[in-house]
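Below is one structure, written out as C-alpha coordinates, with a few remarks after it.
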Amino acid sequence: MFTLPDFPWDRLQPYKERAAAHPGGIVDLSVGTPVDPTPERVRAALAAASDAPGYPQTYGTPVLREAVAGWLRRRLGVTGADPDAVLPVIGTKELVAWLPTLLGAGPGDQVVFPELAYPTYDVGARLAGASPVATDGLLSLGPAAPKIVWVNSPSNPTGKVLPAEHLRKVVAWARDRGAVVVSDECYLEFGWDPDAPPVSVLHPDVCGGSHEGLLALNSLSKRSNMAGYRAGVVTGDLALVRRLLEVRKHAGMIVPAPVQAAMAAAFDDDAHVDEQRERYARRRATLRAAFEGHGFRIDHSEASLYLWATRDEPCWDTVEHLAGLGVLVGPGEFYGPSGARHIRVAFTATDERVAEAAARL
Ligand SMILES: Cc1ncc(COP(=O)(O)O)c(C=O)c1O
(Lines give C-alpha, C1' and ligand atoms only; values in the text may rest on other atoms or scores of the structure.)
Protein backbone atom coordinates (compact mmCIF):
# COMPACT_ATOMS: atom_id res chain seq x y z
CA MET A 1 0.00 0.00 0.00
CA PHE A 2 1.29 3.47 -0.87
CA THR A 3 1.83 6.28 1.62
CA LEU A 4 0.88 9.82 0.78
CA PRO A 5 2.33 13.01 2.25
CA ASP A 6 0.15 15.21 4.47
CA PHE A 7 -1.97 17.49 2.31
CA PRO A 8 0.30 20.54 2.39
CA TRP A 9 -2.31 23.29 2.19
CA ASP A 10 -3.86 22.15 5.50
CA ARG A 11 -0.73 23.44 7.21
CA LEU A 12 -1.41 26.94 5.99
CA GLN A 13 -4.81 27.16 7.70
CA PRO A 14 -3.67 28.96 10.90
CA TYR A 15 -1.93 31.62 8.79
CA LYS A 16 -5.04 31.98 6.67
CA GLU A 17 -7.06 32.67 9.80
CA ARG A 18 -4.49 35.19 10.96
CA ALA A 19 -4.52 36.98 7.60
CA ALA A 20 -8.33 36.95 7.51
CA ALA A 21 -8.40 38.81 10.83
CA HIS A 22 -6.74 41.86 9.20
CA PRO A 23 -9.19 44.82 9.30
CA GLY A 24 -8.83 45.27 5.54
CA GLY A 25 -9.52 41.58 4.91
CA ILE A 26 -7.26 38.87 3.55
CA VAL A 27 -5.29 39.17 0.32
CA ASP A 28 -4.92 35.56 -0.69
CA LEU A 29 -1.91 35.07 -2.96
CA SER A 30 -1.39 31.45 -1.91
CA VAL A 31 -3.20 28.88 -4.01
CA GLY A 32 -3.21 30.54 -7.43
CA THR A 33 -6.82 30.02 -8.37
CA PRO A 34 -8.08 32.26 -11.21
CA VAL A 35 -10.53 35.00 -10.24
CA ASP A 36 -11.46 36.66 -13.56
CA PRO A 37 -14.56 35.60 -15.47
CA THR A 38 -14.63 32.60 -17.78
CA PRO A 39 -14.76 34.03 -21.34
CA GLU A 40 -18.27 34.60 -22.68
CA ARG A 41 -17.71 32.44 -25.78
CA VAL A 42 -16.69 29.51 -23.56
CA ARG A 43 -19.76 29.88 -21.34
CA ALA A 44 -22.00 30.12 -24.41
CA ALA A 45 -20.52 26.90 -25.82
CA LEU A 46 -21.08 25.14 -22.49
CA ALA A 47 -24.69 26.30 -22.34
CA ALA A 48 -25.37 25.35 -25.97
CA ALA A 49 -24.16 21.80 -25.24
CA SER A 50 -26.11 21.38 -22.02
CA ASP A 51 -28.64 18.96 -23.52
CA ALA A 52 -26.50 15.85 -23.07
CA PRO A 53 -28.56 12.72 -22.42
CA GLY A 54 -25.99 10.31 -23.90
CA TYR A 55 -22.52 9.30 -22.74
CA PRO A 56 -19.65 11.44 -24.02
CA GLN A 57 -16.62 10.00 -25.80
CA THR A 58 -13.57 9.38 -23.64
CA TYR A 59 -11.47 10.22 -26.69
CA GLY A 60 -13.13 13.65 -26.99
CA THR A 61 -15.14 14.89 -29.95
CA PRO A 62 -13.35 15.29 -33.31
CA VAL A 63 -14.15 19.02 -33.07
CA LEU A 64 -12.30 19.30 -29.76
CA ARG A 65 -9.31 17.27 -30.91
CA GLU A 66 -9.03 19.35 -34.09
CA ALA A 67 -9.27 22.57 -32.04
CA VAL A 68 -6.38 21.42 -29.85
CA ALA A 69 -4.24 20.42 -32.86
CA GLY A 70 -4.96 23.82 -34.44
CA TRP A 71 -3.88 25.60 -31.26
CA LEU A 72 -0.67 23.56 -31.04
CA ARG A 73 0.25 24.54 -34.61
CA ARG A 74 -0.90 28.16 -34.44
CA ARG A 75 0.15 29.22 -31.00
CA LEU A 76 2.99 26.87 -30.02
CA GLY A 77 4.63 26.30 -33.41
CA VAL A 78 4.28 22.52 -33.09
CA THR A 79 4.82 20.61 -36.34
CA GLY A 80 3.06 17.31 -36.91
CA ALA A 81 0.26 18.09 -34.42
CA ASP A 82 -2.17 15.22 -34.92
CA PRO A 83 -5.80 15.43 -33.73
CA ASP A 84 -5.74 11.64 -33.30
CA ALA A 85 -3.04 12.09 -30.65
CA VAL A 86 -5.11 14.44 -28.48
CA LEU A 87 -6.97 13.20 -25.41
CA PRO A 88 -9.04 15.36 -23.03
CA VAL A 89 -8.55 14.93 -19.28
CA ILE A 90 -10.57 15.96 -16.23
CA GLY A 91 -8.16 18.78 -15.36
CA THR A 92 -4.46 18.05 -15.59
CA LYS A 93 -4.06 17.41 -11.85
CA GLU A 94 -6.04 14.23 -12.39
CA LEU A 95 -3.64 13.13 -15.12
CA VAL A 96 -0.51 14.12 -13.19
CA ALA A 97 -1.70 11.97 -10.29
CA TRP A 98 -2.64 8.95 -12.40
CA LEU A 99 -0.24 9.02 -15.36
CA PRO A 100 2.37 6.67 -13.86
CA THR A 101 -0.41 4.18 -13.08
CA LEU A 102 -1.97 4.57 -16.53
CA LEU A 103 1.43 3.96 -18.18
CA GLY A 104 1.96 0.84 -16.10
CA ALA A 105 4.66 2.15 -13.75
CA GLY A 106 4.96 0.09 -10.58
CA PRO A 107 7.35 -1.12 -7.89
CA GLY A 108 10.95 -0.79 -8.99
CA ASP A 109 10.18 1.93 -11.56
CA GLN A 110 11.53 5.43 -11.08
CA VAL A 111 9.44 8.52 -11.76
CA VAL A 112 11.71 11.58 -11.97
CA PHE A 113 10.57 15.18 -11.46
CA PRO A 114 12.22 18.53 -10.64
CA GLU A 115 13.65 19.21 -7.19
CA LEU A 116 11.26 22.10 -6.75
CA ALA A 117 7.95 20.97 -8.16
CA TYR A 118 4.22 20.77 -8.08
CA PRO A 119 3.66 18.12 -5.36
CA THR A 120 1.35 15.94 -7.47
CA TYR A 121 4.25 14.45 -9.50
CA ASP A 122 5.42 12.80 -6.29
CA VAL A 123 1.88 11.73 -5.43
CA GLY A 124 1.44 10.12 -8.86
CA ALA A 125 4.59 8.06 -8.43
CA ARG A 126 3.40 6.90 -5.02
CA LEU A 127 -0.11 6.01 -6.21
CA ALA A 128 1.51 3.71 -8.77
CA GLY A 129 3.78 2.12 -6.16
CA ALA A 130 6.77 3.48 -8.11
CA SER A 131 9.77 5.34 -6.65
CA PRO A 132 9.61 9.14 -6.72
CA VAL A 133 12.95 10.79 -7.53
CA ALA A 134 13.26 14.57 -7.18
CA THR A 135 16.31 15.77 -9.10
CA ASP A 136 17.36 18.46 -11.54
CA GLY A 137 20.43 16.54 -12.64
CA LEU A 138 19.60 13.54 -14.78
CA LEU A 139 23.30 12.63 -14.75
CA SER A 140 22.99 11.99 -11.00
CA LEU A 141 20.79 9.00 -11.84
CA GLY A 142 23.80 7.11 -13.21
CA PRO A 143 22.94 4.32 -15.61
CA ALA A 144 19.36 4.05 -14.31
CA ALA A 145 16.53 4.06 -16.84
CA PRO A 146 13.53 5.77 -15.26
CA LYS A 147 10.06 5.01 -16.53
CA ILE A 148 8.93 8.63 -16.64
CA VAL A 149 10.75 11.98 -16.59
CA TRP A 150 8.57 14.99 -15.80
CA VAL A 151 9.55 18.44 -16.96
CA ASN A 152 7.64 21.59 -16.08
CA SER A 153 8.62 24.73 -17.94
CA PRO A 154 7.57 27.38 -17.06
CA SER A 155 7.91 26.00 -13.57
CA ASN A 156 5.50 26.01 -10.70
CA PRO A 157 6.68 27.29 -8.22
CA THR A 158 9.76 29.16 -9.50
CA GLY A 159 8.56 30.55 -12.83
CA LYS A 160 11.79 29.34 -14.41
CA VAL A 161 11.84 28.66 -18.15
CA LEU A 162 13.98 25.86 -19.60
CA PRO A 163 15.48 26.89 -22.94
CA ALA A 164 14.89 24.68 -26.01
CA GLU A 165 18.49 23.50 -25.85
CA HIS A 166 18.07 22.21 -22.29
CA LEU A 167 14.82 20.44 -23.15
CA ARG A 168 16.45 18.92 -26.22
CA LYS A 169 19.12 17.34 -24.01
CA VAL A 170 16.48 15.91 -21.68
CA VAL A 171 14.61 14.43 -24.63
CA ALA A 172 17.77 12.90 -26.11
CA TRP A 173 18.79 11.46 -22.73
CA ALA A 174 15.36 9.93 -22.16
CA ARG A 175 15.06 8.53 -25.68
CA ASP A 176 18.43 6.86 -25.21
CA ARG A 177 17.05 4.98 -22.23
CA GLY A 178 13.47 4.38 -23.30
CA ALA A 179 12.04 6.76 -20.68
CA VAL A 180 8.89 8.73 -21.46
CA VAL A 181 9.27 12.51 -21.13
CA VAL A 182 6.08 14.14 -19.89
CA SER A 183 6.05 17.90 -20.15
CA ASP A 184 3.59 19.80 -17.97
CA GLU A 185 3.03 22.97 -19.98
CA CYS A 186 0.12 24.64 -18.21
CA TYR A 187 1.91 28.04 -18.01
CA LEU A 188 3.29 28.02 -21.55
CA GLU A 189 1.31 31.08 -22.65
CA PHE A 190 2.40 33.09 -19.60
CA GLY A 191 5.96 34.07 -20.45
CA TRP A 192 7.02 37.59 -19.39
CA ASP A 193 10.61 37.82 -20.51
CA PRO A 194 11.28 38.16 -24.25
CA ASP A 195 14.74 36.68 -23.63
CA ALA A 196 13.27 33.51 -22.09
CA PRO A 197 10.33 32.44 -24.29
CA PRO A 198 8.68 29.22 -23.06
CA VAL A 199 8.76 26.42 -25.62
CA SER A 200 6.74 23.21 -25.89
CA VAL A 201 8.50 19.84 -25.79
CA LEU A 202 6.63 19.12 -29.04
CA HIS A 203 8.26 22.08 -30.83
CA PRO A 204 10.66 20.91 -33.57
CA ASP A 205 13.56 22.81 -31.91
CA VAL A 206 13.18 20.45 -28.94
CA CYS A 207 11.98 17.14 -30.36
CA GLY A 208 13.43 17.30 -33.86
CA GLY A 209 9.95 17.02 -35.37
CA SER A 210 9.17 13.58 -33.91
CA HIS A 211 6.83 13.16 -30.94
CA GLU A 212 8.08 9.68 -30.14
CA GLY A 213 8.35 9.03 -26.41
CA LEU A 214 6.88 12.43 -25.55
CA LEU A 215 3.68 13.63 -23.93
CA ALA A 216 2.66 17.24 -23.32
CA LEU A 217 -0.01 18.30 -20.84
CA ASN A 218 -1.96 21.50 -21.28
CA SER A 219 -4.57 22.95 -18.98
CA LEU A 220 -7.35 25.45 -19.60
CA SER A 221 -7.60 26.31 -15.90
CA LYS A 222 -5.25 29.28 -16.11
CA ARG A 223 -5.18 29.93 -19.86
CA SER A 224 -8.92 30.37 -20.13
CA ASN A 225 -10.09 30.87 -16.51
CA MET A 226 -11.71 27.44 -16.56
CA ALA A 227 -10.37 25.86 -13.37
CA GLY A 228 -13.95 25.13 -12.30
CA TYR A 229 -14.65 23.23 -15.51
CA ARG A 230 -11.80 20.72 -14.90
CA ALA A 231 -10.45 20.78 -18.43
CA GLY A 232 -7.08 19.76 -19.81
CA VAL A 233 -5.53 17.74 -22.60
CA VAL A 234 -2.63 15.37 -23.13
CA THR A 235 -1.02 15.00 -26.53
CA GLY A 236 2.17 13.81 -28.20
CA ASP A 237 3.22 10.25 -29.06
CA LEU A 238 0.23 8.60 -30.73
CA ALA A 239 0.99 5.13 -29.36
CA LEU A 240 1.23 6.45 -25.79
CA VAL A 241 -1.97 8.47 -26.17
CA ARG A 242 -3.76 5.35 -27.48
CA ARG A 243 -2.54 3.41 -24.45
CA LEU A 244 -3.88 6.13 -22.12
CA LEU A 245 -7.17 6.17 -24.01
CA GLU A 246 -7.58 2.42 -23.69
CA VAL A 247 -7.15 2.44 -19.92
CA ARG A 248 -9.22 5.59 -19.43
CA LYS A 249 -12.12 4.06 -21.40
CA HIS A 250 -12.16 1.10 -19.05
CA ALA A 251 -11.76 3.29 -15.98
CA GLY A 252 -14.53 5.80 -16.77
CA MET A 253 -12.22 8.83 -16.90
CA ILE A 254 -14.44 10.88 -19.22
CA VAL A 255 -14.68 14.64 -19.67
CA PRO A 256 -18.38 15.69 -19.65
CA ALA A 257 -19.82 16.55 -23.08
CA PRO A 258 -20.70 20.21 -22.30
CA VAL A 259 -17.16 20.72 -20.99
CA GLN A 260 -15.73 19.24 -24.17
CA ALA A 261 -17.73 21.77 -26.19
CA ALA A 262 -16.51 24.60 -23.96
CA MET A 263 -12.91 23.40 -24.33
CA ALA A 264 -13.14 23.47 -28.13
CA ALA A 265 -14.38 27.07 -27.98
CA ALA A 266 -11.48 28.00 -25.68
CA PHE A 267 -8.77 26.38 -27.82
CA ASP A 268 -10.17 28.02 -30.96
CA ASP A 269 -9.64 31.51 -29.55
CA ASP A 270 -6.51 33.40 -28.50
CA ALA A 271 -7.95 36.88 -27.98
CA HIS A 272 -9.22 36.08 -24.48
CA VAL A 273 -5.79 34.72 -23.55
CA ASP A 274 -4.07 37.92 -24.67
CA GLU A 275 -6.58 39.90 -22.64
CA GLN A 276 -5.94 37.79 -19.56
CA ARG A 277 -2.18 38.09 -20.07
CA GLU A 278 -2.52 41.88 -19.90
CA ARG A 279 -4.27 41.60 -16.55
CA TYR A 280 -1.63 39.31 -15.14
CA ALA A 281 1.22 41.43 -16.51
CA ARG A 282 -0.17 44.44 -14.63
CA ARG A 283 -0.67 42.54 -11.38
CA ARG A 284 2.76 40.98 -11.66
CA ALA A 285 4.43 44.37 -12.11
CA THR A 286 2.57 45.82 -9.12
CA LEU A 287 3.39 42.89 -6.84
CA ARG A 288 6.98 42.63 -7.98
CA ALA A 289 7.63 46.29 -7.16
CA ALA A 290 5.81 45.98 -3.83
CA PHE A 291 7.69 42.87 -2.68
CA GLU A 292 11.04 44.25 -3.82
CA GLY A 293 10.26 47.49 -2.01
CA HIS A 294 9.55 45.45 1.12
CA GLY A 295 13.03 43.89 1.04
CA PHE A 296 12.40 40.77 -0.99
CA ARG A 297 14.58 39.37 -3.74
CA ILE A 298 12.70 37.80 -6.64
CA ASP A 299 14.41 34.76 -8.20
CA HIS A 300 13.59 33.25 -11.63
CA SER A 301 9.91 34.20 -12.19
CA GLU A 302 10.42 34.99 -15.88
CA ALA A 303 7.16 33.15 -16.64
CA SER A 304 4.10 31.49 -14.98
CA LEU A 305 1.68 33.15 -12.57
CA TYR A 306 4.03 33.27 -9.58
CA LEU A 307 6.82 35.28 -8.05
CA TRP A 308 9.44 33.17 -6.30
CA ALA A 309 10.54 35.49 -3.53
CA THR A 310 12.86 35.41 -0.53
CA ARG A 311 14.05 37.50 2.41
CA ASP A 312 16.77 34.93 3.12
CA GLU A 313 14.99 33.54 6.14
CA PRO A 314 12.99 30.33 6.77
CA CYS A 315 9.85 30.42 4.63
CA TRP A 316 7.47 29.93 7.55
CA ASP A 317 8.85 33.09 9.18
CA THR A 318 8.06 34.98 5.99
CA VAL A 319 4.60 33.42 5.79
CA GLU A 320 3.95 34.52 9.38
CA HIS A 321 5.23 38.05 8.79
CA LEU A 322 3.02 38.49 5.73
CA ALA A 323 -0.01 36.93 7.44
CA GLY A 324 0.35 39.71 9.99
CA LEU A 325 -0.19 42.14 7.11
CA GLY A 326 -3.21 40.13 6.00
CA VAL A 327 -1.35 38.73 2.98
CA LEU A 328 -1.30 34.95 2.51
CA VAL A 329 1.43 33.31 0.40
CA GLY A 330 2.64 29.77 -0.15
CA PRO A 331 5.73 28.51 1.74
CA GLY A 332 8.44 27.32 -0.67
CA GLU A 333 8.91 24.17 1.37
CA PHE A 334 5.65 22.82 -0.10
CA TYR A 335 7.55 22.31 -3.36
CA GLY A 336 10.69 20.64 -2.06
CA PRO A 337 13.39 21.06 0.62
CA SER A 338 15.38 23.51 -1.52
CA GLY A 339 12.41 25.89 -1.35
CA ALA A 340 12.74 26.24 2.42
CA ARG A 341 13.83 29.91 2.23
CA HIS A 342 11.43 31.10 -0.47
CA ILE A 343 7.76 31.90 -0.73
CA ARG A 344 5.51 31.62 -3.76
CA VAL A 345 3.37 34.65 -4.50
CA ALA A 346 0.50 34.02 -6.94
CA PHE A 347 -0.75 36.95 -8.94
CA THR A 348 -4.17 35.41 -9.43
CA ALA A 349 -6.02 37.97 -7.31
CA THR A 350 -8.29 40.81 -8.36
CA ASP A 351 -6.84 44.23 -9.22
CA GLU A 352 -8.40 45.56 -6.04
CA ARG A 353 -6.76 42.90 -3.81
CA VAL A 354 -3.41 43.27 -5.58
CA ALA A 355 -3.51 47.05 -5.01
CA GLU A 356 -4.40 46.42 -1.37
CA ALA A 357 -1.44 44.06 -0.92
CA ALA A 358 0.88 46.61 -2.52
CA ALA A 359 -0.42 49.35 -0.22
CA ARG A 360 0.14 47.21 2.90
CA LEU A 361 3.65 46.22 1.86
C1 LIG B 1 2.43 22.69 -12.64
C2 LIG B 1 0.98 22.37 -12.56
N3 LIG B 1 0.51 21.29 -13.15
C4 LIG B 1 -0.78 20.96 -13.11
C5 LIG B 1 -1.69 21.75 -12.43
C6 LIG B 1 -3.11 21.31 -12.38
O7 LIG B 1 -3.98 22.14 -13.06
P8 LIG B 1 -5.44 21.70 -13.46
O9 LIG B 1 -5.77 20.42 -12.76
O10 LIG B 1 -6.30 22.81 -13.03
O11 LIG B 1 -5.41 21.51 -14.95
C12 LIG B 1 -1.26 22.90 -11.79
C13 LIG B 1 -2.20 23.74 -11.05
O14 LIG B 1 -1.90 24.72 -10.45
C15 LIG B 1 0.12 23.22 -11.85
O16 LIG B 1 0.61 24.30 -11.25
Response to the item:
With +1 on the Cβ of every Lys and Arg and -1 on the Cβ of every Asp and Glu, the dipole magnitude of region 1-82 about its Cα centre, in debye rounded to the nearest 20, is 280
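Take the solvent-accessible surface of the protein heavy atoms, probe 1.4 Å, and return the percent of it on the chain that carbon and sulfur atoms account for.
Heavy-atom surface of the chain belonging to carbon and sulfur, 1.4 Å probe: 54 percent.
Per residue of the chain, what 222 nm ellipticity follows from adding -39500 (n - 2.57) for every DSSP H run with n ≥ 4, rounded to the nearest 500? Mind showing how you got there, number by number?
Numbers: 13 runs with 141 residues, N = 361.
Computed mean residue ellipticity for the chain: -12000 deg cm²/dmol.
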Practice prompt. Express the relative contact order of region 20-91 as a whole percentage, based on alpha carbon pairs under 8 Å and six or more residues apart in sequence.
Written response: 25
Discussion item. Nearest 5 percent is fine: what portion of the DSSP beta bridges confined to the chain is antiparallel?
Written reply: 55
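Counting only heavy atoms of protein chains, what accessible area per residue, in Å², does region 103-158 have with a probe of 1.4 Å?
On the way: 1910 Å² over 56 residues.
Dividing the accessible area of region 103-158 by its residue count gives 34 Å².
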Worksheet item: Of Gly208, Thr318, Pro107, whose Cα points farthest to the positive end of the dipole of the chain (charges on the beta-carbon: +1 Lys, Arg; -1 Asp, Glu; origin at the Cα centre)?
Response: Pro107
Worksheet item: What are the semi-axes of the equivalent ellipsoid for region 198-331, taken as the square roots of 5 times the Cα gyration tensor eigenvalues, largest first, in whole Å?
Response: 36, 19, 17
Response to the item:
Cross-link reach from Lys249 to lysines, straight Cα distance under 25 Å and at least 8 residues apart if same chain, gives Lys93, Lys147
Fill in: Selection from Met226, Tyr187, Ala261, by position along the positive dipole direction of the chain (Cβ)
Ala261
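When only C-alpha pairs under 8 Å and at least 6 residues apart count, what is the relative contact order of the chain, in percent? Walk me through the numbers on the way to the answer.
Values: 733 pairs, mean separation 94.9, N = 361.
In percent, rounded to a whole number, it is 26.
In nm², what is the average projected area of the convex hull enclosing the Cα atoms of the chain? Don't jump to the answer; show the numbers that get you there.
Values: hull surface 71.1 nm².
About 17.8 nm², averaged over all directions.
Once you charge only the Cβ atoms, +1 for Lys and Arg and -1 for Asp and Glu, what is the size of the charge dipole of region 40-268 about its Cα centre, to the nearest 20 debye? Please list the in-between numbers first.
Values: 21 positive and 22 negative charges, 73 e Å.
Dipole size: approximately 340 debye.
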Worksheet entry | Given charges at Cβ of Lys, Arg, Asp, Glu: the chain dipole, positive-most of Ala309, Gly252, Val241 | Gly252
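What is the dipole size for region 1-151, taken about its Cα centre, with +1 at each Lys and Arg Cβ and -1 at each Asp and Glu Cβ, in debye to the nearest 20?
Values: 12 positive and 15 negative charges, 43 e Å.
For this selection, approximately 200 debye.
The values are calculated or read from the model by the stated rules, or taken from the named source; none is laboratory data. A quick note: this is a predicted structure, and the numbers were derived from the prediction, not measured. As a convention, Cβ positions derive from the backbone with ideal geometry for all residues, glycine included, and neighbour counts pool all protein chains shown. For the accessible areas, the whole protein counts, side chains as well, though only heavy atoms, and no ligand, DNA or RNA atoms are used. Shrake-Rupley method; radii C 1.70, N 1.55, O 1.52, S 1.80 Å.
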